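Structure first, then comments.
Please treat every number below as a calculation from the coordinates, not as lab data. Predicted model, so just to flag it, every value in this text is computed and none were measured. All Cβ positions, glycine included, derive from the backbone under ideal geometry; neighbour counts span all protein chains shown.
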Amino acid sequence: GPDRPPWAGGHGILPDHPGAVVTGLWEHHAVVDVSALAQAERPRLGDQVALVPNHVCTAVNLARWLHAVEANRVVERWPVPARGANR
């Protein structure tokens with residue numbers, strides 16, 4: 001569909017786990033199929049992983065601010081002036 005860029009074989013990617021497929025994506029969580037990864041490459045339950053979603057409108061609509069992060073450090077903070085404006 002139009003929300004899926006050519007690099008995303010699902011609803012986004014896990015940059016540190018190529019081959020994992022994001023099969024579902026919601027405001028604050030995702031479902032990821034890791035069956036194509038070798039057992040040693042799979043994140044364990046509870047691990048924190050980076051996820052690059054291909055669509056973030058609903059999550060952004062819930063936030064007052066977006067934080068731009070570079071090298072694990074917040075470098076800018078952007079307001080979301082249209083937050084909650086959907087009617």
Fill in the blank from the handout: Checking rank on 55-62, 17-24, 71-78, with mean other Cβ inside 10 Å and highest first, the result is 17-24, 55-62, 71-78
Fill in the blank from the handout: Sorted by chain and then number, the residues having a modelled amide H within less than 5 Å of the amide H of residue 12, at least 5 places away or on another chain, are 22, 54
Practice task
Could you grab the relative contact order for the chain? Cα pairs under 8 Å, six or more apart, rounded to a whole percent.
Solution key: 23
Handout entry: Shape category assigned to the chain from the gyration tensor of Cα positions, a/c cut at 1.5
Key = prolate
